[in-house]
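What follows is a short report on a single structure.
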């Protein structure tokens, strides 16, 4: 079968080369975007008088017919046609005859594939923003029910200070909010139109790139034709944003795994999001958060992979850039799947609030409040810190928690302690005392919830 570009060649492509260089196995995902870009291009060609009106209309109708066949999966893509662009051109030729060849006037596969990627990534980015919001809503709804639920807060995975469970959950809301902002900001670069750049130098035809940009909803066109076909920054930027999203998902997943263990028992994941063991009948495994955590690595890998592909490429287009797609497609699918699972996983989990509160009682995470108590009475904080450090050591050596110490034991370390210290040490009061903006006190958390809800799409 003669290639559409084969006029200059005297030999057929080696079968191994054909199989190795073909991208139709994965870039078929761009079929609809390829037709969308081609429709805008042919309408511009007709409007500018570059091809005849009847030819433009015939090509447009042919493309629409192929689009319907693609939507019903009534098409055959061939490896020998190399990529999605050549496959669609072949299908168009079969549909309307040789006039199909006029579609490629004033464009190259280089600016064509770049345009397809911009269209694809714009659509997927907008969809992922919606999926992120669904996760944020699940977090907000769970947080609303647990403003007054107290659990130990940790640093270094050691008990640190008690916090509201809602407050802890909302930390992830803000991570995902920043992720959303990064995706939205990335749309500014995604929304540049490369079509019209040709192979690298532009075209001799009197095209109207502005018309195509308006038809496809792009904000601006690339001002440099070489940059237009060489640029994959927007893909790298997306992969970087996706990697951060997966990092946040992985951190949350790690906590869900820990909290659902027998050692913590802070939460229980719904049966619908867990699996069992083939040998141990009692097991309920948190496979979903484990896979969410595990799949983070593949997304990181795609980011590093594309950066490595691009690092030594001379301008303009090189075949290496074909390697931009598989990692991108896999990242999109991995991230979509993760977010679609995470929202219902959070919504259906059971929170064992009393178990969390008991854990917060059985530790020394209220020690900072004792230091603050003395500081409020005029003791320099560093001195107060030392006093309470020795008090905690005494309590540990005597097998007691701070609330179990007698007043005589308190006064042995400072005469400034009074009976009100017991109220001060209760977890509810430790949490309630932190009223500063962004703090864990119920009123501060409530204000945070209201702010969070105001940022979600109505």
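The values are calculated or read from the model by the stated rules, or taken from the named source; none is laboratory data. The shown structure was predicted, so the numbers you read here are calculated from the model rather than taken from an experiment. So basically every Cβ, Gly included, is an ideal-geometry build from the backbone, and we count neighbours across all protein chains shown.
Answer yes if at least one residue in region 105-125 is within 17 Å of residue 452 (Cβ to Cβ) and in contact with a helix residue (DSSP H, G or I) (Cβ under 8 Å, 6 or more places away or on another chain), and no otherwise.
no
Could we say that residue 347 is in the same structural domain as residue 159 (by TED's automatic domain parsing) and in a helix (DSSP H, G or I) here? Steps first, please.
Details: in the same structural domain as residue 159 (by TED's automatic domain parsing): yes; in a helix (DSSP H, G or I): yes.
Against the criterion (in the same structural domain as residue 159 (by TED's automatic domain parsing) and in a helix (DSSP H, G or I)), residue 347 qualifies.
Quick check on residue 263: is it in the same structural domain as residue 344 (by TED's automatic domain parsing), within 28 Å of residue 300 (Cα to Cα) and free of Cβ contacts under 8 Å to residues at least 60 places away in the same chain?
Details: in the same structural domain as residue 344 (by TED's automatic domain parsing): yes; within 28 Å of residue 300 (Cα to Cα): no; free of Cβ contacts under 8 Å to residues at least 60 places away in the same chain: yes.
No, not satisfied.
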Residue count, region 175-203, condition over 27 Å from the mean Cα position of the chain (by Cα) and free of Cβ contacts under 8 Å to residues at least 24 places away in the same chain, comes to 1
Somewhere in region 273-283, is a residue surrounded by fewer than 16 Cβ atoms within 10 Å (Cβ to Cβ), over 30 Å from residue 227 (Cα atoms) and in contact with a helix residue (DSSP H, G or I) (Cβ under 6 Å, 6 or more places away or on another chain)? yes
Tell me, which helices (runs of 4 or more DSSP H) lie completely within region 361-458 with 3 or more residues that are under 25 Å from residue 147 (Cβ atoms)? 367-376, 421-425, 427-432, 442-454
For helices (runs of 4 or more DSSP H) lying entirely in region 1-120, having 1 or more residues that are over 30 Å from the mean Cα position of the chain (by Cα), surrounded by 13 or more Cβ atoms within 10 Å (Cβ to Cβ) and modelled with pLDDT of 95 or more picks out 31-47, 53-71, 84-96
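So if I check each of 401, 394, which one is over 42 Å from the mean Cα position of the chain (by Cα), surrounded by fewer than 17 Cβ atoms within 10 Å (Cβ to Cβ) and touching a residue at least 40 places away in the same chain (Cβ under 8 Å)? It would help to see each step written out before you state the result.
Values: 394 fails: touching a residue at least 40 places away in the same chain (Cβ under 8 Å).
Only one candidate qualifies: 401.
Would you be able to say whether some residue in region 154-161 is buried (at least 23 other Cβ atoms within 10 Å of the Cβ) and either in contact (Cβ under 8 Å) with a residue 12 or more places away in the chain or on the phi > 0 side of the Ramachandran plot (or both)? Let's see the steps before the verdict.
From region 154-161, those buried (at least 23 other Cβ atoms within 10 Å of the Cβ) are none; that's our starting set.
No, because not a single residue in region 154-161 is buried (at least 23 other Cβ atoms within 10 Å of the Cβ) and either in contact (Cβ under 8 Å) with a residue 12 or more places away in the chain or on the phi > 0 side of the Ramachandran plot (or both).
Out of 205, 238, 218, which single residue is at pLDDT 95 or above, surrounded by 23 or more Cβ atoms within 10 Å (Cβ to Cβ) and out of contact with any strand residue (DSSP E or B) (no Cβ under 9 Å at 6 or more places or on another chain)?
Values: 205 fails: surrounded by 23 or more Cβ atoms within 10 Å (Cβ to Cβ); 218 fails: out of contact with any strand residue (DSSP E or B) (no Cβ under 9 Å at 6 or more places or on another chain).
Residue meeting the stated conditions: 238.
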Restricting region 306-338 to residues that are more than 21 Å from residue 22 (Cβ to Cβ) and crowded, with 17+ Cβ neighbours inside 10 Å, the residue that is farthest from the chain's Cα centre (by Cα): 316
Consider residue 454 against the criteria (1) surrounded by 14 or more Cβ atoms within 10 Å (Cβ to Cβ); (2) under 28 Å from residue 177 (Cβ atoms); (3) free of Cβ contacts under 8 Å to residues at least 12 places away in the same chain: it satisfies all of them except one. Which criterion is unmet? (1)
